[in-house]
Amino acid sequence: MTKRLLPLAIALTLLAAGVAGAQHQMLDMAANQVIQKYQQATCEQLWEQKGKPKSPREQEIIQFLRSDPQMRAEFINRVAAPIANKMFECGMLP
């Protein structure tokens with residue numbers, strides 16, 4: 001019986017690893033886009049964008065991050081310093 005379950009257990013483990021890998025790729029892509037956006041934008045552009053609604057893709061990513069606290073923490077850890085530095089330069093932070 002355990003010999004039959006071993007291939008199933010291995011397959012499920014690989015499937016879970018694949019899903020986690022895809023989530024991390026999405027996180028990497030989203031974090032890199034946010035960092036790039038803040039690094040390339042002028043202060044005037046950031047002030048203009050501040051109150052505008054998010055794109056459907058941005059809303060999807062935000063919903064994903066709201067549903068997964070671990071991924072949200074990892075995302076924030078990656079983007080916090082570049083965003084805070086730019087906002088400080090632009091006078092958006094004290």
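Since every read-out is calculated from the coordinates, none of them should be taken as a lab result. Note that this is a predicted model, so its numbers are computed, not measured.
Compactness of region 23-89 was expressed as the Cα radius of gyration divided by 2.2 N^0.38 Å, which yields 1.12. Within straight-line reach of LYS50, meaning a Cα separation under 19 Å, sit the following aspartates and glutamates at least 8 residues removed in sequence or on another chain: GLU58, GLU60, GLU89.
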